[in-house]
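The values are calculated or read from the model by the stated rules, or taken from the named source; none is laboratory data. Computed from a prediction, not measured in an experiment: that's the story for all the values here. Note: ideal-geometry Cβ built from the backbone for every residue, glycine included; neighbour counts use all protein chains shown.
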């Protein structure tokens with residue numbers, strides 16, 4: 001799987017994008033768990049799966065990044081407004 005990157009709150013966040021032409025669905029955390037679900041979703045859906053910085057991420061966040069639950073929620077909220085993901 002080739003992950004893409006986008007700048008969100010606190011640093012660079014990697015994400016997977018199925019590239020479907022339908023509605024965008026954001027699946028939050030657990031890339032491996034979603035691998036079991038993805039085959040059962042409509043192929044038309046565009047599925048975006050961010051790798052949130054909760055321990056399994058490969059890229060370091062900035063030192064001032066808010067890694068609290070509130071910070072993660074804010075970061076995930078940016079997913080819905082990120083111009084990279086919206087069409």
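Against the numbered list (1) more than 14 Å from residue 8 (Cα to Cα); (2) at pLDDT 80 or above; (3) surrounded by 14 or more Cβ atoms within 10 Å (Cβ to Cβ), residue 72 comes up short only at (1).
If I filter segment 12-43 down to residues being over 16 Å from the mean Cα position of the chain (by Cα) and surrounded by 10 or more Cβ atoms within 10 Å (Cβ to Cβ), which single residue comes out as nearest to residue 79 (Cα to Cα)? Break it down stepwise before answering.
At the first step, the residues of segment 12-43 found to be over 16 Å from the mean Cα position of the chain (by Cα) are 21-22, 36, 39-43.
Narrowing the set further to residues that are surrounded by 10 or more Cβ atoms within 10 Å (Cβ to Cβ) leaves 22, 41-43.
Details: 22: 17, 41: 20, 42: 21, 43: 21 Å.
Per the criteria, the residue is 22.
Taking the conditions exactly as written (modelled with pLDDT under 85, within 11 Å of the chain's Cα centre (by Cα) and surrounded by fewer than 16 Cβ atoms within 10 Å (Cβ to Cβ)), does residue 55 satisfy them or not? Against the criterion (modelled with pLDDT under 85, within 11 Å of the chain's Cα centre (by Cα) and surrounded by fewer than 16 Cβ atoms within 10 Å (Cβ to Cβ)), residue 55 does not qualify.
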